[in-house]
1. Would you mind counting up the charge near Ala193? Only other residues with Cβ under 10 Å from its Cβ, with Lys and Arg at +1 and Asp and Glu at -1.
2. Explain nothing, just the number: dipole magnitude of the chain about its Cα centre with +1 on each Lys and Arg Cβ and -1 on each Asp and Glu Cβ, in debye rounded to the nearest 20.
3. For the residue pair Glu35 and Glu22, what label-to-label distance in nm results when each label sits 7 Å from Cα along the Cα-to-beta-carbon direction?
4. In terms of the Cα gyration tensor, with a ≥ b ≥ c the square roots of its eigenvalues, is the range 129-173 rounded because a/c is under 1.5, prolate because a/b exceeds b/c, or oblate?
5. Applying the Karplus parametrisation 6.51 cos²θ - 1.76 cosθ + 1.60 with θ = phi - 60° to the phi angles of the range 147-164, what ³J(HN,Hα) value in whole Hz is obtained for each residue in order, glycine and proline being reported as x?
6. When only C-alpha pairs under 8 Å and at least 6 residues apart count, what is the relative contact order of the range 89-154, in percent?
7. Taking H placed 1.01 Å from N in the peptide plane, check which residues at least 5 places from Phe169 or on another chain put their amide H under 5 Å from its amide H.
8. Whole-Hz Karplus ³J(HN,Hα) for the range 70-77, in order, using 6.51 cos²θ - 1.76 cosθ + 1.60 and θ = phi - 60°, x for Gly and Pro?
Amino acid sequence: MKLFVAGGTGALGSRVVRLLAEHGHDVTATARTDEGAQRIRAMHATPLDIDLFDFTALRSAVHGCDAVFRLTTKIPPLMEMRKAEAWAETGRLRIEGTRLLNEACSDEKVGTCIHESISFVYADGGDNWLDEDSPVSHGGAEPLRDALEAEAEAQKFTRRGGRAVVLRFAAFYAADSSQALEMADRARRRRMALVGRSRNWFSSIHLDDAAQATVAALRAPAGIYNVSDDDPVQLAVFMTSMSRAAGGRGLPKLPALAGGAALGVTWRYLQRSQRVSSARMQRLTGWTPTVHNAREGWVRVAREWASVTKSKG
């Protein structure tokens with residue numbers, strides 16, 4: 001198949017490009033720097049530097065493609081996430097980027113568009129499992145509002161006769177994730193804390209499994225799919241597992257009342273309880289996660305970090 005990946009050098013996108021190329025597909029992926037282009041070529045794919053908001057350039061990029069992946073985000077650094085304005089570029093990539101890419105794909109008769117979204121859009125579910133039909137709510141949080149608007153844009157492609165597949169990913173983590181590395185550094189320096197009891201369910205997915213699911217989405221019927229591991233944990237378990245992996249001495253605690261001041265806009269959804277099920281994705285594509293929960297995942301990350309440290313020593 002001839003495939004185009006927008007966001008080909010990101011944490012998820014680079015993994016997807018590698019897998020697609022390994023499967024023998026003809027892959028073109030965006031890369032905005034020379035270093036990024038070299039990485040794409042090393043994965044036996046073709047790099048392309050284009051403006052993702054240039055409609056003419058997008059039409060040229062997707063011409064003749066069987067499927068297109070929109071994996072474009074620009075997640076702000078941890079200490080900037082609390083500010084609504086820090087999410088503006090990701091919001092534009094999600095909403096305007098989706099609209100333009102879908103229109104280009106429609107004009108060029110591309111059959112399938114696969115779009116990255118997030119599972120944080122679900123309303124608080126308590127202890128209940130959340131599937132794709134569970135209620136959603138942005139709750140006034142700009143990142144969630146933008147994600148839901150982008151999903152609506154993505155699904156217009158199906159109404160035009162194509163096949164739009166929207167993947168609602170749980171929280172990403174991996175040894176080479178810039179966000180995980182930043183979290184680890186802050187945990188070691190005790191600059192990160194548990195806010196309140198943190199007993200809410202928190203769903204996550206290792207980036208390697210997320211990439212496999214993205215490739216499996218080529219087999220999925222049009223619709224929305226959750227991508228999460230099989231065994232969500234409570235937020236406190238996720239955070240303490242991360243701290244142990246980083247070699248931290250434990251996380252300090254802040255009262256729940258401090259959540260708004262400490263976490264800003266993200267507090268509006270990080271306190272939700274979200275026990276997300278990916279049963280539909282597994283049933284309809286055959287994909288299954290290899291890392292079953294964050295406890296296992298952070299142990300794996302710790303081994304990888306230790307291996308890197310040993311090799312540098």
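Throughout, read-outs are computed from the coordinates displayed, never taken from laboratory work. Just so you know, these numbers come straight off a predicted model, no measurement behind them. Here the Cβ positions follow ideal geometry from the backbone for every residue, glycine too, while neighbour counts run over all protein chains shown.
1. Neighbourhood net charge equals +4.
2. 1060
3. Here the answer is 2.4 nm between the modelled labels.
4. prolate
5. Coupling constants for the range 147-164: 5, 5, 5, 5, 4, 4, 5, 4, 6, 4, 4, 5, 5, 7, x, x, 10, 9 Hz.
6. This gives 47 percent for the range 89-154.
7. Ser117, Ile118, Ser119, Val227
8. 9, 10, 9, 9, 9, 5, x, x
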